[in-house]
């Protein structure tokens, strides 16, 4: 089957934690889950946990987990599953061997690269962003939305977002703004309308869910209930802890990993107890506190160590990882964005994160910039090349050719060179012209080229449309939700 | 006067691009390429010291290759300089060389001044080196020295700086990193106790730049070239300090390309096979400005090589594939190094860092800020010098300052305030005499 997405299958592996260190963090996690517990502010979730052997305190909404239960429940999670696209050529096999990039999500502004100003995002922006992501093969699935619809009723924003996304991309959609049971049921209904019914949706899950946890050691009620709806329908879901070292997590990275692991693992255990075998994943966007402001750093070396270590932990349990990647704190697509994005992508890929969220936003996931998204796909492409490793065979060693050319010759005319030169990586936006050419052509750098590519996509690319009747059905579902959820 | 110690970091990560079998295969192919000399070349590399000291004028400025630490070196010598105030690059002057060396001396991340960073127009290499010695107490690694005559002159200068021939061996202030053309000069250095790293093609000629070949092919040729050079050096100076040079340009790979990064990771692994410390070119961006492209190229190269365990990552401060020096670029590359040094230091896992008691005390929904454990460890958290973490409106109000603006301010601050440990009048005069006598 042809494919229109371009995952990375890394041959390089980067272990930040030794096996004994993984074991130690795992043991500490179990100790915290058993002794301190995790807060689940949802009666439904607490009931599931209590019925399966957790010690539950309804007053504090805290569940304590027997260690055997954690291990047994985590083992039920499937090691492999498909996140389907509406277009089968965009299907993602989550198998621990491939890394898939998404866009970043939940931004609230759009950067207008024509006038250098930002403005609040609208439903139309969510739609445009979905069409844009649909055009980029290096972005495998749509996460978010990239920017939220702020010109619609707040209670049904996630559903308007979904309508904009479903009608503009045929790639897989992972929602991160659908919270609460009722909105979750509406979005599942929308996905089922596209898939041809709930059974078909279960067979080809074009939708998945991700929710944030509440650090330290807690979850949010509506988030829990939304993911339980996903699990009920066989849709993959996961929880994303974001402990800030020295704030909502210990200042030391190992301790931060314990907190994060306990949160992510407790979510997985809940889902597996409620619906054994349901597809699920760990998620994470760990960071450290900015010692100057007390806030989020939007990129630091510790983030990447935590990302790589968290991914190792997820894989220790045999569970896929969706890792916060790129998502620079920079305000514009310049030097700071380059270092954030380059190093974070490197760390995520070298640790084999299954899903990576993602490209396109500046200023700590707040501002959408299309040229920036194009530049980030170039970074992805570089990492893909490096992660592919070096093939060592008789053909690639080419001893005969080396002997033939000798020390003073050139390889340019060799048949061996012609056979392999196309394997050499080529840039889309990097400039490699000599200085004088670059000067003569107006000093056009990466941003200039990325802007040209972005403008071309925005102007000319059209995604595969949904059938008219499905579009009408989605509209009707969102209309109904607007009425039924108004004021809820 | 007190000097700031160099910032370095232990390397706890071990990024590998070649599996054990592939590594053995490339090594064996390189030995096969050397033919009858292969076994002897391998033996000589294994007998060479596994650590190499690149001496500074003071203990705090010593660099030790082969000790599982990563160090940063500048690029150079660049014939042109990008003016600090902006604008197009122009030919470098002696004043530019002074400024570049003084800035490198001031930056605690920079361990070695490779090149020297700038080649002043109309000056000889010994004259440039004398200025460089005066403007830094850190180690200087020459990369363009070729003739035996020049090498002898430089050796006399190095003895003058070190104090004596014996002290020179203990803390060699200068070393040589070069291609096959400099094998004679390298022998002069090696016999005197100055560290060298040389790449020769299997029969002693340089590998051809500009060739586009398979990475495996490039590695075989390059590895054979290093082993051949090492054998030649060890034959003339047994036990000489020799380091493995992994410069993608010498293997015909495009500067700053993904292939260049991959080559350097693999070469670092190959160096470990024969137990040699390794110096990589690292930061060799082809970009003409200190921008997004320069950062992506150098960030990848630095992280991959440092994570692979390379001892010295050089190239900092240059643009256009090493042809232009930029003070701002040097500061920005130092930040990239600092960032990566924290990454390759890895995650410590022990009772203290797991912090179970602190987690229990804070409990659910609490905050770690007030914890004694946090106060004890928060200074371990890496802090940037160039990143902007302000709110959008504050950033706009500040004139949208980015990393380049902050780097410019740091350059100005360092050059206004930094004092270099003086060489002393006697040494300065001696160096002037040697340069004048050489008349090269």
Exercise. Any idea which residue in the range A:383-399 is nearest to residue A:427 (Cα to Cα), counting only those that are free of Cβ contacts under 8 Å to residues at least 40 places away in the same chain and crowded, with 23+ Cβ neighbours inside 10 Å?
Worked result: A:390
Problem set entry | Set A:380, A:411, A:370: member being outside the structural domain of residue A:329 (by TED's automatic domain parsing) and either touching a helix residue (DSSP H, G or I) at 6+ places or on another chain (Cβ under 7 Å) or surrounded by 18 or more Cβ atoms within 10 Å (Cβ to Cβ) (or both) | A:411
Problem set entry | Odd one out for residue B:40 among (1) within 30 Å of residue A:304 (Cβ to Cβ); (2) more than 9 Å from every other protein chain (Cβ to nearest Cβ); (3) touching a helix residue (DSSP H, G or I) at 6+ places or on another chain (Cβ under 7 Å) | (1)
Exercise. When only residues in the range A:8-24 that are surrounded by 21 or more Cβ atoms within 10 Å (Cβ to Cβ) and within 20 Å of the chain's Cα centre (by Cα) count, which is farthest from residue A:382 (Cα to Cα)?
Worked result: A:14
Exercise. If you check A:213, A:246, A:226, which single one turns out to be without any contact (Cβ under 8 Å) to a residue 60 or more places away in the chain, in the same structural domain as residue A:91 (by TED's automatic domain parsing) and at positive phi?
Worked result: A:246
Problem set entry | Pairs where the first residue, in the range B:359-379, is more than 27 Å from residue A:61 (Cα to Cα) and within 7 Å of another protein chain (Cβ to nearest Cβ) and the second is assigned to a helix (DSSP H, G or I) and at pLDDT 95 or above, C-beta under 7 Å, 6+ apart | B:373/B:358
For this session: Go through A:352, A:310 for me and flag whichever is buried (at least 24 other Cβ atoms within 10 Å of the Cβ) and assigned to a loop (DSSP other than H, G, I, E, B).
Result: A:352
Exercise. Looking at A:450, A:446, which is the one that is under 26 Å from the mean Cα position of the chain (by Cα), within 14 Å of chain B (Cβ to nearest Cβ) and under 13 Å from residue A:132 (Cβ atoms)?
Worked result: A:450
Exercise. Filter the range A:382-405 for residues that are outside any helix (DSSP H, G or I) and facing chain B (nearest Cβ under 7 Å); which is farthest from residue B:301 (Cα to Cα)?
Worked result: A:398
For this session: Return yes when residue A:275 is touching a helix residue (DSSP H, G or I) at 6+ places or on another chain (Cβ under 8 Å), more than 20 Å from residue A:309 (Cα to Cα) and more than 14 Å from chain B (Cβ to nearest Cβ) and no when it is not.
Result: yes
Exercise. Out of curiosity, is residue B:393 part of a loop (DSSP other than H, G, I, E, B) and either touching a helix residue (DSSP H, G or I) at 6+ places or on another chain (Cβ under 6 Å) or under 27 Å from residue A:363 (Cα atoms) (or both)?
Worked result: no
Exercise. Residue A:447 passes all but one of (1) out of contact with any helix residue (DSSP H, G or I) (no Cβ under 7 Å at 6 or more places or on another chain); (2) closer than 29 Å to residue A:171 by Cβ; which number fails?
Worked result: (1)
For this session: Could you list all residues from the range A:57-83 that are buried (at least 20 other Cβ atoms within 10 Å of the Cβ) and in contact with a strand residue (DSSP E or B) (Cβ under 6 Å, 6 or more places away or on another chain)?
Result: A:61, A:62, A:63, A:77, A:81, A:83
Problem set entry | Tally, over the range A:224-259, of residues that are within 11 Å of chain B (Cβ to nearest Cβ), touching a strand residue (DSSP E or B) at 6+ places or on another chain (Cβ under 8 Å) and either surrounded by 24 or more Cβ atoms within 10 Å (Cβ to Cβ) or outside any loop (DSSP other than H, G, I, E, B) (or both) | 10
Exercise. Taking the range A:114-134 only, how many residues are free of Cβ contacts under 8 Å to residues at least 60 places away in the same chain and over 24 Å from residue A:156 (Cα atoms)?
Worked result: 4
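The values are calculated or read from the model by the stated rules, or taken from the named source; none is laboratory data. Keep in mind the model is a prediction, meaning the values are calculated, not measured. Reconstructed Cβ throughout: ideal geometry from the backbone, glycine too, with neighbour counts over all protein chains shown.
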